[in-house]
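Everything on this sheet refers to the single structure shown next.
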Amino acid sequence: MAVVSWKEICLLTGLVVGCYWNSLFCGFVFDDVSAILDNKDLRPTTPLQNLFLNDFWGTPMSEERSHKSYRPLTVLTFRLNYLFSKLSSSSYHLLNVVLHAVVCVLFLHFCRLLLDRSTSFVAALLFAVHPIHTEAVTGVVGRAELLSSIFLLAAFLAYTKSKGTDHSIVWTPIISTVFLVAVATLCKEQGITVIGICCIYEVFVAQGFTLPMLTHTLLQVLRGKDGFPYAVLQTLLKLIVLIISTLLLVIVRVQVIQSQLPVFTRFDNPAAISSTPTRQLTFNYLLPVNAWLLLNPSELCCDWTMGTIPLVETLLDPRNLVTVVFYGMLKPQISIFGLFICLIQIFSLFLLSFSHGFKLLSQRGGLKKMSWLLMGILLTTHAVKTFNRNWDWESEYTLFTSALKVNRNNAKLWNNVGHALENQNSYERALRYFLQATRVQPDDIGAHMNVGRTYKNLNRSREAEEAYIIAKSLMPQIIPGKKYATRVAPNHLNVYINLANLIRANDSRLEEADQLYRQAISMRPDFKQAYISRGELLLKMNKPSEAKDAYLRALELDHSNADLWYNLAIVNIEMKDPSEALKNFNRALDLNPQHKLALFNSALLMQESGEAKFRPEANRRFLTYVKEEPDDANGYFNLGMLAMDANENEEAEHWMREAIRLQPGFRSALFNLALLYSQSQRELDALPVLEELLRYHPEHVKGLILKGDILMNHRKDTRGAKACFERILNMDPSNVQAKHNLCVVYFEERELQRAEHCLVETLAMAPQEEYIRRHLAIVSNKMAAMSAAGQPIAPTEGVASEAGEGARKENNLRKSSPKESVSSQGHGQSKKLDAGQPDKRTKSKSTKEIKDIEKKRAAALKRLEEIERILSSD
């Protein structure tokens, strides 16, 4: 075997870089989204052993919805990419380009086994630039093919060294081959096919046997005229080792998928589920179709499923002639070995045959220059085509619209363009593509589901429901005793979930929605999403115990799902069991320490408990939350509330200011910042904050009360204070606190008769409040004493001044406003539940709230005693 020089390696590498450098500007498209963006196995928080328990897309192999594609070593390389660059697509594309260069060099080594030096290099150059490779190189998930090809070629090259110079067996290369085959198979399943290539190579190339020779030897042995030659026995021994190793790999593979095949629909591969002879005729026709793509890669498409290639259903179909011609053009001496090479790369046979033809032409003197010129043109055009094809993979929209230019009979392509537009919130345009998908493939359940979802996003509920009902009608009908999991694609069962999620917005149809969830569960008892959605619905129906049972059943199916533990914690809160809720929040965080909703709500639960021992951990969780969600003002607000609880006023002010900066007009943050200033004897600093609060929320009662208090006690502005209390009473005439405070203003202004009348009205509103009764008695007695002494009851200049002095003290007659808290709206449901649902928070008062109320009552009684003493002394 000729050695590959460094010059050849550099030329191949440079050519690869020249063709594929623009792929670094492409994003994650098509299957990259599921394999990279949505795959939790890439995250460092996921245990490494999960890579060997889950499929290529991160779904546990034990689940029936798993694709059963077991490629843990490929996923490991994705994880390494994530470790160094998170989700920056450039690094993923860069590694793919490097791997393609390695494949090209190994392919050159392989070609040297069959062709001379120059011809093999031409084959490798064609391999490097051929446009058909863009899917494997520019598509990130194509790394599975790249890695598998590297180890497959390495395994074959290792096996070629298993024959010693004395024709003995060299076992080290054979052991290396078996190991490399196992590695190739863990990168992509097709890697195991190299064993067949090695077997064919051993018999027909290494040993030089032909079919007639083997037939003659076998007949001689069967007739007893002769035994097996030593060379044949050696070959048989090597083949037995290869076959046994293959069987072991197959057994392990079957155990990994737990003897279950993935569930595919008739849309994924129509020919595979067709009857004889349609299946055989179509599969054979696909060979010349792919051969034509190798010869003329001008119309490449990223997806060839569904109706892309109509089925060849009869022998009279004229396309069968193309199949016959294709087989007729294959030379026997190339076809046996070359068809196996096709398993390495789909066009290896083409490259070898083409390069061999080039060799013949170049050896003819008159055609030598012409052949090299044509080869240069071919390499240039292929390189340019590859470079331009890379731009099609820039985004999902560009990829699928380019595919539609080639094939307009594939409903999946219309759907995928719709998805790309949907991700851009261009729902009207997306709807047109989804509707076209239903016209191209009227029985495509997924297309009708897409139409329904888009109508829902456009707030056209009636049309959405109609679309979902059409999709539901296309589902298999109930057959007693039939196992539906083998007949229905898991994603199609989502039609029940989507329809139920739509109609449950109408409170009168909750039972109907529940029936749909139960129907989905009856068709597939391991349908986890149905339990999750049903649990949320049961919460809405005020059935927390049943909701808890639904989530527990889902946890039996997926115990390591952080979202499920989070949802169960929400149920615990509904059931007024905060301690159990905190435990389940913690379980969610054990599985996913960055689970944002669990971080926020568990910290909120700790804060609401009022226990000082929880404050450090609650503070840590809120800090982690704001690191994950730096633009969410709620996180900063709750950090401020924790600091206020701990009397850390400067820190509290900082967090409240940050919350207001992120969300101008943040009601709770503005009020509590003003309250913080008031409690810190910075009442005048509180006034601008209250002004801002009331500009955004002019009906904020607590803000008006606090503003009135400051105006009366610190600005001596009884008129402004009176305006605040009167505004409250205009909005809510039954507000006892505002009414009582207005009475105090009248007293401060020495309008005793008006104050007395006001207190009488206030007492009628709250006859159970003893302090109002006492204050009324004090004012009445004061008026009686002044009348007896002949003093005027109407206010005078001197009396008004005296009242102004007592205003600061008499303000203590009112109960101070409690701190205002904010619920975690928008943070109460897992992403598995419907978006936009508010937190399911318990309505009972927390221990902290009860303690606050007791403190305020005690302070109020003390202030009442003080004001009564002041009034009596006057």
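Overview of results
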quantity	calculated
Qualifying positions in the range 156-169 - farther than 15 Å from ILE240 by Cα and within 51 Å of the chain's Cα centre (by Cα)	PHE156, LEU157, ALA158, THR160, LYS161
Which listed residue is aromatic (Phe, Trp, Tyr), open to solvent by less than 60 Å² (accessible area, probe 1.4 Å) and within 20 Å of the chain's Cα centre (by Cα), from TYR496, TYR531, TYR551, TYR517	TYR531
When residues of the range 10-28 are limited to those that are of a type in the set (Val, Ile, Thr) and open to solvent by 40 Å² or more (accessible area, probe 1.4 Å), the one farthest from the chain's Cα centre (by Cα)	THR13
Subset of the range 424-453 that is open to solvent by 30 Å² or more (accessible area, probe 1.4 Å), assigned to a helix (DSSP H, G or I) and not aliphatic (A, V, I, L, M) - its residue that is nearest to PRO490 (Cα to Cα)	ARG453
Residue in the range 358-381 that is closer than 30 Å to THR193 by Cα, in contact with a Cys (Cβ under 8 Å, 6 or more places away or on another chain) and at pLDDT below 95 present	no
Selection within the range 29-70 - among the aromatic types (Phe, Trp, Tyr) and either open to solvent by 30 Å² or more (accessible area, probe 1.4 Å) or at pLDDT below 90 (or both)	PHE30, PHE52, TRP57
Test: residue in the range 75-89 that is under 17 Å from ASN592 (Cα atoms), in contact (Cβ under 8 Å) with a residue 40 or more places away in the chain and not in a loop (DSSP other than H, G, I, E, B)	yes
From the options PHE52, PHE30, PHE25, residue that is among the hydrophobic types (A, V, I, L, M, F, W, C), out of contact with any Pro (no Cβ under 6 Å at 6 or more places or on another chain) and under 30 Å from PHE527 (Cβ atoms)	PHE30
Condition check for ALA588: under 21 Å from THR46 (Cβ atoms) and either open to solvent by 20 Å² or more (accessible area, probe 1.4 Å) or free of Cβ contacts under 8 Å to residues at least 40 places away in the same chain (or both)	yes
Residue check for TYR566: in contact (Cβ under 8 Å) with a residue 12 or more places away in the chain, touching a helix residue (DSSP H, G or I) at 6+ places or on another chain (Cβ under 6 Å) and within 19 Å of TYR496 (Cβ to Cβ)	no
Options ALA569, ALA505; residue that is modelled with pLDDT of 90 or more, crowded, with 21+ Cβ neighbours inside 10 Å and small (Gly, Ala, Ser)	ALA569
Elements of type helices (runs of 4 or more DSSP H) contained in the range 691-756, each with 1 or more residues being under 24 Å from GLU770 (Cβ atoms), in contact with a helix residue (DSSP H, G or I) (Cβ under 7 Å, 6 or more places away or on another chain) and among the charged types (D, E, K, R)	701-713, 736-748
Residue within the range 16-24 that is closer than 30 Å to HIS492 by Cβ and of a type outside the set (Asp, Glu) present	no
Matching entry among LYS627, LYS596, LYS583, LYS576 (being touching a Ser or Thr at 6+ places or on another chain (Cβ under 6 Å) and at pLDDT 90 or above)	LYS576
Residues of the range 653-687 classified as open to solvent by 80 Å² or more (accessible area, probe 1.4 Å), part of a helix (DSSP H, G or I) and closer than 20 Å to ILE705 by Cβ, total	3
Test: residue in the range 609-628 that is touching a residue at least 40 places away in the same chain (Cβ under 8 Å), in a helix (DSSP H, G or I) and closer than 26 Å to GLU699 by Cβ	no
Residue pairs meeting the criteria (Cβ under 8 Å; at least 6 apart or on separate chains; first at pLDDT 55 or above, in the range 481-497; second among the aromatic types (Phe, Trp, Tyr) and part of a helix (DSSP H, G or I))	VAL495/TYR468; TYR496/TYR517; ILE497/TYR517
Subset of the range 454-472 (residues that are under 21 Å from ALA420 (Cα atoms) and open to solvent by 60 Å² or more (accessible area, probe 1.4 Å))	LYS456, ASN457, ASN459, ARG460
Qualifying residues in the range 395-423 (those that are surrounded by fewer than 19 Cβ atoms within 10 Å (Cβ to Cβ) and among the hydrophobic types (A, V, I, L, M, F, W, C)) - the one farthest from TYR433 (Cα to Cα)	VAL406
Condition check for VAL105: open to solvent by less than 20 Å² (accessible area, probe 1.4 Å) and touching an Asp or Glu at 6+ places or on another chain (Cβ under 9 Å)	no
Positions within the range 110-130 being in a helix (DSSP H, G or I) and in contact with a His (Cβ under 6 Å, 6 or more places away or on another chain), in sequence order	VAL129
Residue check for TYR92: touching a helix residue (DSSP H, G or I) at 6+ places or on another chain (Cβ under 9 Å), surrounded by 21 or more Cβ atoms within 10 Å (Cβ to Cβ), within 30 Å of ALA530 (Cβ to Cβ) and not basic (Lys, Arg)	no
Count of residues meeting criterion [modelled with pLDDT of 95 or more and open to solvent by less than 70 Å² (accessible area, probe 1.4 Å)] in the range 78-87	4
Only listed residue being at pLDDT 90 or above and surrounded by 17 or more Cβ atoms within 10 Å (Cβ to Cβ), chosen from ALA755, ALA738, ALA764	ALA738
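The values are calculated or read from the model by the stated rules, or taken from the named source; none is laboratory data. Being a predicted model, the structure only gives us computed values, none of them experimental. Cβ sites come from the backbone with ideal geometry, for glycine too, and all protein chains shown count toward neighbours. To get the accessible areas, we keep the full protein, side chains included, count just its heavy atoms, and leave off ligands, DNA and RNA. Shrake-Rupley method; radii C 1.70, N 1.55, O 1.52, S 1.80 Å.
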